[in-house]
Amino acid sequence: MFRNAKSSVYVFVALCAMSASAQAPNPYGPPVSVENAKKTAAAALAEARTNNWTMAVAIVDTGGILVYYEKMDNTQIGSADLAIEKARTAVRFKRPSKAFQDLVAGGGAGLRVLHLPGAIPLEGGIPLMIDGQIVGAIGVSGDSGDHDSMCSQAGVATLK
């Protein structure tokens, strides 16, 4: 029982340590449609192709459930799961997964994020917004974090 209480304290401290501005204040809305998920993924993949990057793209709904997934040929296998987990991180915590990466990079108290269940501290996951509401998230993996993020942002831009 003490172990669970200790874990809860770590999670609470990690969440408190995060910048309040990193969390989107927006409420959750209805889940992203398959049509919008495909459109978002297509834009992310187009950005990858333009730059000769191989990527995996995942779109999840507000509950973190996979709505759409696509992996380009020759994308490293490890990126398959990472794309999904980046998207889940973004939607569950209402912030880009890069916020967690930045905390870990800062060291010290930020390293507590590594114990936060469901938080992948890797850039490339971004919440999807429609009409000021979070409807899901995109996660992209396959290249460097900044390239993954560029592809995610291209996808996010389709829903504005």
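Among the residues of region 73-87, is any out of contact with any strand residue (DSSP E or B) (no Cβ under 8 Å at 6 or more places or on another chain) and among the aliphatic types (A, V, I, L, M)?
The answer is yes; a qualifying residue exists.
Looking at this structure, is Asp148 part of a helix (DSSP H, G or I), modelled with pLDDT of 95 or more and either more than 26 Å from Pro30 (Cα to Cα) or touching a Ser or Thr at 6+ places or on another chain (Cβ under 9 Å) (or both)?
yes
Just the residues that are surrounded by fewer than 22 Cβ atoms within 10 Å (Cβ to Cβ) and either closer than 10 Å to Tyr68 by Cβ or among the acidic types (Asp, Glu) (or both), please, taken from region 34-48.
If the condition is that a residue be surrounded by fewer than 22 Cβ atoms within 10 Å (Cβ to Cβ) and either closer than 10 Å to Tyr68 by Cβ or among the acidic types (Asp, Glu) (or both), then Val34, Glu35, Asn36, Lys38, Lys39, Ala42, Glu47 are the ones that fit.
Tell me, which helices (runs of 4 or more DSSP H) lie completely within region 23-127 with 3 or more residues that are within 17 Å of Met150 (Cα to Cα) and charged (D, E, K, R)?
34-50
So how many residues does region 120-159 have that are within 15 Å of Leu82 (Cα to Cα), of a type outside the set (D, E, K, R) and in contact (Cβ under 8 Å) with a residue 60 or more places away in the chain?
Of the residues in region 120-159, 9 are within 15 Å of Leu82 (Cα to Cα), of a type outside the set (D, E, K, R) and in contact (Cβ under 8 Å) with a residue 60 or more places away in the chain.
Starting from region 71-92, take each residue that is at positive phi and list its partners that are of a type in the set (Ser, Thr, Tyr), counting only C-beta distances under 7 angstrom and pairs at least six apart or across chains.
Asn74/Thr54
When Phe12 is evaluated against the numbered criteria (1) more than 14 Å from the chain's Cα centre (by Cα); (2) farther than 17 Å from Val135 by Cβ; (3) modelled with pLDDT of 95 or more, which criterion, by number, is the only one it fails?
Among (1) more than 14 Å from the chain's Cα centre (by Cα); (2) farther than 17 Å from Val135 by Cβ; (3) modelled with pLDDT of 95 or more, the lone unmet condition for Phe12 is (3).
Output the residue which, of all residues in region 67-79 that are buried (at least 16 other Cβ atoms within 10 Å of the Cβ) and not basic (Lys, Arg), is farthest from Pro127 (Cα to Cα).
Thr75
Could you tell me which numbered condition Leu116 fails, if it satisfies all but one of (1) closer than 28 Å to Asn51 by Cα; (2) touching a helix residue (DSSP H, G or I) at 6+ places or on another chain (Cβ under 7 Å); (3) crowded, with 17+ Cβ neighbours inside 10 Å?
(1)
State all residues of region 151-160 that are loosely packed, with under 15 Cβ neighbours inside 10 Å and not in a loop (DSSP other than H, G, I, E, B); if no residue qualifies, say none.
Across region 151-160, the qualifying residue is only Ala157.
Which of the residues that make up region 98-112 are under 14 Å from the mean Cα position of the chain (by Cα) and open to solvent by 60 Å² or more (accessible area, probe 1.4 Å)?
Lys98, Asp102
Scan region 128-142 for residues that are over 20 Å from Ala44 (Cβ atoms) and either assigned to a helix (DSSP H, G or I) or not charged (D, E, K, R) (or both) and jot them down.
Within region 128-142, Gly132, Gln133 meet the criteria.
The values are calculated or read from the model by the stated rules, or taken from the named source; none is laboratory data. Everything quoted here is computed from the prediction, not taken from an experiment. Cβ atoms come from the backbone with ideal geometry, glycine included; neighbour counts cover every protein chain shown. To get the accessible areas, we keep the full protein, side chains included, count just its heavy atoms, and leave off ligands, DNA and RNA. Shrake-Rupley method; radii C 1.70, N 1.55, O 1.52, S 1.80 Å.
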